[in-house]
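Below you'll find the structure, written out as structure tokens, and then a few comments.
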Amino acid sequence: MRVFAISDLHVDFPENMAWLRSLSAQDYVGDTLLVAGDVCHDFGKLEEALRRLREKFAGVFFVPGNHELWLTGSDCPDSLEKFDRTLDLCRSLGVEIGSKKVGEGAAAVWVVPLFAWYVKPEEGADSLFLPNNGDRGDLSGWGDERFVRWPSGAGAPRAADCFLERNLPHLKRAYDAPVISFSHFLPRPELMFHLEAFGTSLPPRVRFARGGFNFSRVAGTRALDEQIRTIGSRVHIHGHQHRNRWRTIEGILYVSHCLGYGRERAVGLIRNLDNGPKLVWERGALPAGQTDSY
Ligand SMILES: [Fe+2]
């Protein structure tokens with residue numbers, strides 16, 4: 001039994017759905033796949049993607065990303081309701097959304113899905129926000145601002161807390177085998193940077209993208225890393241940024257392996273994609289020969 005990871009499949013793009021359909025129907029029949037969010041906002045396409053992956057892998061685990069919570073074309077009143085309906089869809093398809101031990105004996109591993117949302121800088125110190133000289137605080141081009149809606153009302157919690165608190169049962173249990181956790185959102189600021197740009201301290205000036213958009217405003221939360229460390233993860237998979245990573249920080253291997261958008265692959269923003277999902281665990285251990293490299 002091997003464990004593979006993929007994220008940000010974005011199958012609303014036909015070439016991405018074609019990539020998914022083209023994955024081997026034979027190569028992964030004994031394996032587990034972790035899908036770290038952002039498959040599609042459209043329920044029909046999300047269902048097709050998850051169903052096809054279930055046919056190719058022995059087991060599929062999923063956490064929703066921000067795109068699953070977009071209300072575009074949905075009759076859900078708010079994004080929390082869309083989240084719950086997404087989990088219902090997973091249950092109906094036999095896609096795992098809770099923690100579960102997979103594999104036998106010494107090869108067994110616990111897989112723990114961790115739900116989350118990002119914390120904006122004005123929402124708390126657990127934001128991954130880093131100042132950027134070109135940052136005008138403008139999120140008008142960020143789709144979540146238009147397509148995500150939270151239930152309102154006095155005393156409503158931060159969006160991130162609605163999801164992080166759902167992970168509490170995972171934090172209270174004992175694990176009798178190595179733990180692999182996964183989330184859509186980023187748990188640490190270092191992961192926003194390529195290894196070459198990452199030394200003992202963060203770059204003094206953070207440049208993320210065009211137009212003054214500063215991704216770190218919507219990247220994730222440090223609270224997620226606290227949960228990852230509480231459960232003793234050996235490996236944590238994340239998605240969301242559309243940059244691939246394989247990096248050990250303070251004893252935990254962090255991996256991002258996303259499909260992303262064709263335009264990002266074309267210009268090399270998404271690298272090291274190989275030909276399919278990323279192997280992250282094999283015969284009770286990390287895959288041999290892979291070192292921190294990006
Ligand atoms: Fe995302």
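The values are calculated or read from the model by the stated rules, or taken from the named source; none is laboratory data. Computed from a predicted structure; not experimentally measured. Here Cβ is always computed from backbone atoms with ideal geometry, including for glycine, and neighbour counts include all displayed protein chains.
If a residue has to be surrounded by fewer than 18 Cβ atoms within 10 Å (Cβ to Cβ) and modelled with pLDDT under 95 to count, how many in region 200-234 make the cut? Final tally of qualifying residues: 11.
Entry remark, region 24-67: residues being aliphatic (A, V, I, L, M) and away from the ligand (no atom under 16 Å from the Cβ) number 7 in total.
The set of residues in region 103-125 being within 28 Å of A285 (Cα to Cα), among the aliphatic types (A, V, I, L, M) and out of contact with any Phe, Trp or Tyr (no Cβ under 8 Å at 6 or more places or on another chain) consists of A106, A107, A108.
Condition check: away from the ligand (no atom under 16 Å from the Cβ), basic (K, R), surrounded by fewer than 13 Cβ atoms within 10 Å (Cβ to Cβ) and modelled with pLDDT under 95. Does R158 satisfy that? Reasoning before the result, please.
Working: away from the ligand (no atom under 16 Å from the Cβ): yes; basic (K, R): yes; surrounded by fewer than 13 Cβ atoms within 10 Å (Cβ to Cβ): no; modelled with pLDDT under 95: yes.
It is false that R158 is away from the ligand (no atom under 16 Å from the Cβ), basic (K, R), surrounded by fewer than 13 Cβ atoms within 10 Å (Cβ to Cβ) and modelled with pLDDT under 95.
Give me a count of the residues in region 1-23 that are of a type in the set (S, T, Y) and within 16 Å of the ligand (Cβ to nearest atom). So the count comes out to 1. When the residues of region 235-246 are filtered to those that are surrounded by 20 or more Cβ atoms within 10 Å (Cβ to Cβ) and assigned to a strand (DSSP E or B), the one that is nearest to the ligand (Cβ to nearest atom) is H238. Residues of region 137-175 that are within 29 Å of V3 (Cβ to Cβ), in a loop (DSSP other than H, G, I, E, B) and either touching a residue at least 12 places away in the same chain (Cβ under 8 Å) or aromatic (F, W, Y) (or both): R173, Y175.
In region 106-124, what count of residues is obtained for those that are farther than 20 Å from H170 by Cα, exposed (fewer than 15 other Cβ atoms within 10 Å of the Cβ) and touching a residue at least 12 places away in the same chain (Cβ under 8 Å)?
1
Each residue in region 31-48 was checked for being surrounded by fewer than 23 Cβ atoms within 10 Å (Cβ to Cβ) and closer than 24 Å to W110 by Cα, and 1 of them qualify.
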